[in-house]
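Report on the following structure.
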Amino acid sequence: MIATKEGLQSYLEAFEQFEKTAAGREFPWLRKLRQDGFARFWDLGFPTLRNEDWRFTSLAPLTTNSFALAQPASVSMAQIEPLLPPGVERRIVFVNGRFSPELSRGGVFDDSKVTLISLKKAIASHPDLLQRHLARYEQTEREAFTALNTAFVDDGAFVQIKRGAVIEQPLYILYVSTGQSAQMVHPRNLIVAEEHTQAHIVEDYVSLNSGACFSNVVTELVAGEDSVLSHYLVEREDTNAINVSTLRLQQYRNANVDSHSILVGGALVRNNVHPVLAGEGADCLINGLFVGNGRQHLDNYMLVEHASPHCNSRQFYNGILDGHSHGVFHGRIIVHKDAQKTDAKQTNRNLLLSDDAQIDTKPQLEIYADDVKCTHGATIGQIAEEALFYMRSRGVPEGQARRLLLFAFASECLDRMRPGPVRNWLEKMVPEWLPKGRSI
Amino acid sequence: MSNAILEIKNLHASVDGHEILKGINLTVNRGEIHGIMGPNGSGKSTLAQVLARREAFIVTQGEILFNGKNLLDLKPEEAAAEGLFMAFQYPIEVPGINNAYFIRSAVNAIRKYRGEEELDAMDFLPMFKERMKVLDVDERFLNRAVNEGFSGGEKKRNEILQMMMLEPKLAILDETDSGLDIDALRIVSHGVNSMRSPDRSFVVVTHYQRLLDYIIPHFVHVLVDGRIVKSGGKELALELEEKGYGWVEEEAPLAR
């Protein structure tokens, strides 16, 4: 234990410093939340390979290096403009974890339908709502990364979709990291969609430099009765970045939520998606694409909890791994005792493009109800040489044929997204993000 | 320019170390249709695969000139761009890529190779639909993934549809008739016949004479044990149908 604590020293120092100046420290509930978070993190330490949920992913870089909270930095509009999805106007931008009013220009809203502001601002303007929802869902008790994030709760996006509101325009949350090594950020997003609402929310992580910085994100999304929501996570940071992201979905009666993850960046990435189907008739789609190259390590951990009857969950993750990259898909489904008539599906398909690429895929079903339907399947394969030959025999050059086949495989993920500007944007971007190396 | 589109000289080829083709000689001139018949295992399909540049088939001796170029130096995509087309005996499924998009990619890759302007969807679609009509192909063909979930007959029609779009100089039809009912056979043959021209040649590989009733060849060759043992006009196909392959197999030693 002492060794573990030694690895945590820099986090303790950062926390002590943070506490003295953090916004909202005048609120006792918030102070307590942070302190409890840190205490819990200190007890838990980072998970090791002996932890079943982390057996394929070493977190050594987080304890052998020290991290300090990222410094503010100035980023110009010209630097982020090329990164923005076209046709998306409502955006909130963070630089090194801090809200940037200049870059969010015209994007933030607080009207009768939707609130899109920084969490820091919401701590002052919406204290009751925050107290009711913040850190009420994701398990701070069990999860070290959530505990650590909660200790450093400071800024992030706060989204409230008000009762009955249908928001056609996607809400776009951009996290820009200036990419200095040894710096960390702990963005916290809270999305509260009230009853009968509809919205698309995008979280996009980019970096401007290639330092080994560390982002530890927690997003809690509360989907009220009969809400229809799409959440998109795009991780496209530099391939030296460390990114741990936890999406906790709390779905009430008949809430219909899609979670789409596109992971193409990062050196060490952990993507936790944790829906809890808490109300009858809730439905979730957990859809993802991860594309690794070089020495990237991309770990996807799904924990789907069926806690009510008549809920559906469908998981589809496609992995494309080239170079020496390592992918993980761990799909856990828990069907609680009362969750009769559960229909849970899980499919993980992987393409390995090189001899040194690796995938670990693991389904884990825990079923405590007796009238349920749960299926899972995983495949690992290579580009079909037969299909490649067929295409070449029709005149399509080999490189182009490989790219078409790869894009077709990646498109299975894009095809599950609702039509609209986000999907259009990703359909344009994903081909750029697919491997183009020698093996392609 | 020589009048020959294809010249095969003393071709030997093997698969997994087994010699299948044992010295094939064949010349196909522009505008000609050649039928290649033979019993199972005689090397008909191997010959077709070698011509399509399938890597598993190793040429150990001999040469193949296609349109004056050494075919064995060309990659499959280059051979296609030079005007060689093979209709596969077992067309391959390409999951996730829709048929229209695939064929347009192929047409454009070939146009690009030839230094011609690429076709956009607006130019391409009318041409495509027109040829679909000749083959009596359902409109759903456009957006279905290539050969995925197609019936045997649909796959064969799709091969001919691709041929019609790519407009090759030489088309090799590898047992295109197998598994087709008589209606489908008529439609496929109609598609092929609509493509006949003085600049286009066909090599029709088949086990049965039936297809050659519809696609009438100038020449028929009989392949036995990796060699052409008999060549003749279209009436040779009928003779084979009547007498069976046993007849040429018995005669074969003499032909050596």
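The values are calculated or read from the model by the stated rules, or taken from the named source; none is laboratory data. From a predicted model like this one, the values you see are computed outputs, not experimental measurements. All Cβ positions, glycine included, derive from the backbone under ideal geometry; neighbour counts span all protein chains shown.
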Self-check item: Wholly enclosed helices (runs of 4 or more DSSP H) of region A:72-171 bearing at least 3 residues touching a helix residue (DSSP H, G or I) at 6+ places or on another chain (Cβ under 9 Å) and not hydrophobic (A, V, I, L, M, F, W, C)
Solution: A:144-151
Quiz item: When residues of region B:50-70 are filtered for being in contact (Cβ under 8 Å) with a residue 40 or more places away in the chain, within 12 Å of chain A (Cβ to nearest Cβ) and in a loop (DSSP other than H, G, I, E, B), how many remain?
Solution: 3
Quiz item: Does residue B:94 meet the test of being without any contact (Cβ under 8 Å) to a residue 60 or more places away in the chain, within 19 Å of the chain's Cα centre (by Cα) and within 12 Å of chain A (Cβ to nearest Cβ)?
Solution: no
Quiz item: Out of region B:1-49, which residues are outside any strand (DSSP E or B) and of a type in the set (Gly, Ala, Ser)?
Solution: B:2, B:17, B:31, B:38, B:41, B:42, B:43, B:45, B:48
Quiz item: Can you tell me which of A:23, A:14, A:60 is farther than 18 Å from residue A:142 by Cβ, exposed (fewer than 14 other Cβ atoms within 10 Å of the Cβ) and small (Gly, Ala, Ser)?
Solution: A:60
Self-check item: Top-ranked residue of region A:18-68 - restricted to ones that are assigned to a loop (DSSP other than H, G, I, E, B) and of a type in the set (A, V, I, L, M, F, W, C), ranked as modelled with the lowest pLDDT
Solution: A:23
Practice problem: Can you tell me which residue among A:395, A:381 is of a type outside the set (S, T, N, Q) and surrounded by fewer than 17 Cβ atoms within 10 Å (Cβ to Cβ)? | Solution: A:381
Quiz item: residue A:39 is checked against (1) under 24 Å from the mean Cα position of the chain (by Cα); (2) loosely packed, with under 14 Cβ neighbours inside 10 Å and fails just one. What number does that condition carry?
Solution: (1)
Exercise. Within region B:97-121, track down each residue that is more than 10 Å from every other protein chain (Cβ to nearest Cβ) and in contact (Cβ under 8 Å) with a residue 60 or more places away in the chain.
Key: none
Quiz item: Can you name the number of the only condition in (1) closer than 15 Å to residue B:98 by Cα; (2) without any contact (Cβ under 8 Å) to a residue 24 or more places away in the chain; (3) not aromatic (Phe, Trp, Tyr) that residue B:145 fails?
Solution: (2)
Quiz item: Restricting the search to region A:385-435, which residues are at the interface with chain B (Cβ under 8 Å from one of its Cβ atoms), assigned to a helix (DSSP H, G or I) and touching an Asp or Glu at 6+ places or on another chain (Cβ under 6 Å)?
Solution: A:392
Self-check item: Residue tally, condition within 20 Å of the chain's Cα centre (by Cα) and hydrophobic (A, V, I, L, M, F, W, C), over region A:50-69
Solution: 4
Quiz prompt | Candidates A:320, A:333, A:359, filtered to the one that is under 24 Å from the mean Cα position of the chain (by Cα), closer than 22 Å to residue A:273 by Cα and within 14 Å of chain B (Cβ to nearest Cβ) | solution = A:320
